[in-house]
Amino acid sequence: MIPEDLIKRIRQIQIYSARAVNASFAGQYESVFKGRGMQFDEVREYTPGDDIRAIDWNVTARTGKPFIKRFVEERELTVLFAVDLSASGEFGTVNKMKNELAAEFCAVLAFAAAKNNDKVGLLIFTDRIELFIPPKKGSRHMLRLIRELLAFKMPKRKTNIPLALDYIAKIARKRATVFLVSDFIETDFKKPLGLLNKRHDVVAVPVRDRVEMAMPALGLIELQDAETGQIMLVDTSSRSFRDQYGDRTSRRFNDLKGLLRSINVDMIPIMTDRQYINDLIQFFHMRHRRR
């Protein structure tokens with residue numbers, strides 16, 4: 001039986017997603033992600049003006065008349081959310097935890113996909129593959145994905161992004177749009193991500209919290225690594241410590257952006273203290289300009 005508080009959270013996300021996925025938003029989604037491939041439709045007899053590169057030489061040889069292959073734009077899209085729900089996601093200082101933000105972000109795009117009759121699948125991973133739900137259509141299927149994202153609870157675990165990328169490469173036979181949602185604390189994944197992006201359209205979604213970017217002056221506090229359990233006592237009233245902390249986190253994020261840029265992977269950074277719809281729309285506009 002689904003707990004009452006979980007039902008309430010699912011309903012809230014469903015209402016918010018329905019409002020967010022309005023006609024304008026859904027149209028931008030379709031224009032950005034649709035028509036990225038071609039699929040075979042039929043073989044027909046050649047007529048003057050047809051592109052000779054489309055001639056089907058096997059059928060032509062068999063019939064003695066020139067025939068061409070006809071392709072149509074592929075309308076159905078497969079969307080796969082690969083979501084890192086390791087222990088470091090159980091952190092948030094403003095509106096919600098990073099894992100909650102990841103679930104809501106995926107929900108909005110899942111409902112946009114459902115509105116466009118696309119298939120949507122889900123991969124939840126930590127340092128192992130926790131759950132895989134194959135891509136399907138329909139609002140009931142979307143609600144199941146959201147429920148699994150929100151209800152997921154595991155003992156403290158680390159992150160293994162290459163493992164998730166290798167898993168997707170094995171199970172995703174058809175070209176898909178893959179949203180890799182993580183806080184990207186791990187950094188050793190350039191090669192498998194680059195290889196996956198050659199076959200699929202991969203979009204990285206870094207999930208961050210304000211305190212991970214700039215530490216406030218709170219005096220002496222204990223910081224605990226959510227994935228290792230290591231505890232450290234730090235003096236946040238020290239300007240030197242805060243500057244070093246900010247420089248380190250800024251450098252790490254810039255390194256991530258450089259890595260993604262070097263393998264042509266797009267990015268949608270989202271944060272717990274701001275509306276991610278604006279980040280999505282900005283991403284749509286960027287892709288419109290590129291195309």
Counting only helices (runs of 4 or more DSSP H) wholly inside the stretch 110-200, the ones holding at least 3 residues that are charged (D, E, K, R) are 139-151, 190-199
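Working only within the stretch 271-291, note down all residues that are among the acidic types (D, E) and free of Cβ contacts under 8 Å to residues at least 12 places away in the same chain. Please lay out each step first, then the result.
Within the stretch 271-291, the subset among the acidic types (D, E) is 273, 279.
D279, the sole residue that qualifies.
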Tell me yes or no: at least one residue of the stretch 153-163 is modelled with pLDDT under 95, farther than 25 Å from D255 by Cα and surrounded by 17 or more Cβ atoms within 10 Å (Cβ to Cβ). no
Which pairs have Cβ atoms under 7 Å, sit 6 or more apart or on different chains, and link a residue in the stretch 158-175 that is charged (D, E, K, R) to one that is in a helix (DSSP H, G or I) and modelled with pLDDT of 95 or more? D166/P192
When residues of the stretch 32-48 are limited to those that are among the acidic types (D, E) and at pLDDT 70 or above, the one nearest to the chain's Cα centre (by Cα): E42
Criterion: without any contact (Cβ under 8 Å) to a residue 60 or more places away in the chain and touching a strand residue (DSSP E or B) at 6+ places or on another chain (Cβ under 8 Å) - qualifying residue of K119, K153: K119
Test A214 against the criterion of being part of a loop (DSSP other than H, G, I, E, B), open to solvent by less than 70 Å² (accessible area, probe 1.4 Å) and touching a residue at least 24 places away in the same chain (Cβ under 8 Å), and give yes or no. yes
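Go over the candidates I168, I185, I161 one by one and state the one that is more than 20 Å from L77 (Cβ to Cβ) and under 15 Å from the mean Cα position of the chain (by Cα). Show your work before the answer.
Values: I168 fails: more than 20 Å from L77 (Cβ to Cβ); I185 fails: under 15 Å from the mean Cα position of the chain (by Cα).
Going through I168, I185, I161 in turn, just one is more than 20 Å from L77 (Cβ to Cβ) and under 15 Å from the mean Cα position of the chain (by Cα): I161.
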Going by what's in this entry, would G89 be described as open to solvent by 60 Å² or more (accessible area, probe 1.4 Å), modelled with pLDDT of 75 or more and not charged (D, E, K, R)? no
Members of the stretch 244-262 found to be open to solvent by 30 Å² or more (accessible area, probe 1.4 Å) and under 17 Å from the mean Cα position of the chain (by Cα), listed by number: K257, L259, R261
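Quick one: which residue in D118, D51, D56 is over 18 Å from the mean Cα position of the chain (by Cα) and modelled with pLDDT of 85 or more? So that I can check it myself, show each step before the final result.
Values: D118 fails: over 18 Å from the mean Cα position of the chain (by Cα); D51 fails: modelled with pLDDT of 85 or more.
Just one listed residue meets the conditions, D56.
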Being modelled with pLDDT under 95 and open to solvent by less than 30 Å² (accessible area, probe 1.4 Å) narrows it down to one of T228, T187, T236, so name that one. T236
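The values are calculated or read from the model by the stated rules, or taken from the named source; none is laboratory data. Predicted, not measured: the structure shown is a model, and the values here were computed from it. For neighbour counting, all protein chains shown are included, and Cβ atoms are generated from backbone atoms with ideal geometry for every residue, glycine included. In case anyone asks, the SASA skips ligands and DNA or RNA and just uses the protein heavy atoms, side chains included. Shrake-Rupley method; radii C 1.70, N 1.55, O 1.52, S 1.80 Å.
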